1. Inspect all residues belonging to the range 86-96 and state whether any of them is surrounded by fewer than 19 Cβ atoms within 10 Å (Cβ to Cβ), aliphatic (A, V, I, L, M), touching a strand residue (DSSP E or B) at 6+ places or on another chain (Cβ under 8 Å) and on the phi < 0 side of the Ramachandran plot.
2. Test of understanding: among R118, R100, R142, which residue is in contact (Cβ under 8 Å) with a residue 60 or more places away in the chain and more than 14 Å from L75 (Cα to Cα)?
3. Can you list the helices (runs of 4 or more DSSP H) found entirely within the range 1-108 that contain at least 2 residues being at pLDDT 85 or above, closer than 24 Å to V119 by Cβ and under 16 Å from the mean Cα position of the chain (by Cα)?
Amino acid sequence: MAAAGKGKRRLMGEINVVPYIDVMLVLLIIFMITAPLLTQGIKVELPKAAAEPLDVRQNEPPLVLSIDAQGHLYLNVGATPRQALDDQTVLVRATAALRRAPDRAVLVNGDLSVSYGRVVQAMVLLQQAGAHKVGFQTDPPRKSPNAP
């Protein structure tokens, strides 16, 4: 009877967390590599302007409506921010986003070659959605080598 007690092992009450830490670090590295790839927006050639930047001190990122060279609209909210949207879908999504955060900054990313009329149509959609102020995104002008 005494021999039967010798073969039993004592149960360990601790969990080995080293494999979990290894998996977590691998996932962290994967996310660090893929995150910059996911945040790139729509290819829009912005006009150049020497304007002062807007003071946007909010917890929520601004609502950005992009208009590419062909006049297609893209909104940075929703499940597919890189998919072209029709005017009605933009209106519905912008209205929902602005109802959740009425003081959210609203910006328009208009391509340099898109017609002025299309930009105005997009601004009217944002106004109908509830945007009180709309800002334009531009690139700073290139400084000439002779500039002080």
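The values are calculated or read from the model by the stated rules, or taken from the named source; none is laboratory data. Quantities reported herein were computed from a predicted structural model and do not represent experimental measurements. Because the Cβ atoms are built from the backbone with ideal geometry, glycine has one as well, and the counts that use them run over all protein chains shown.
1. no
2. On the way: R118 fails: in contact (Cβ under 8 Å) with a residue 60 or more places away in the chain; R100 fails: in contact (Cβ under 8 Å) with a residue 60 or more places away in the chain.
Result: R142 is the single residue among R118, R100, R142 that is in contact (Cβ under 8 Å) with a residue 60 or more places away in the chain and more than 14 Å from L75 (Cα to Cα).
3. Passing ranges, in order: 87-100.
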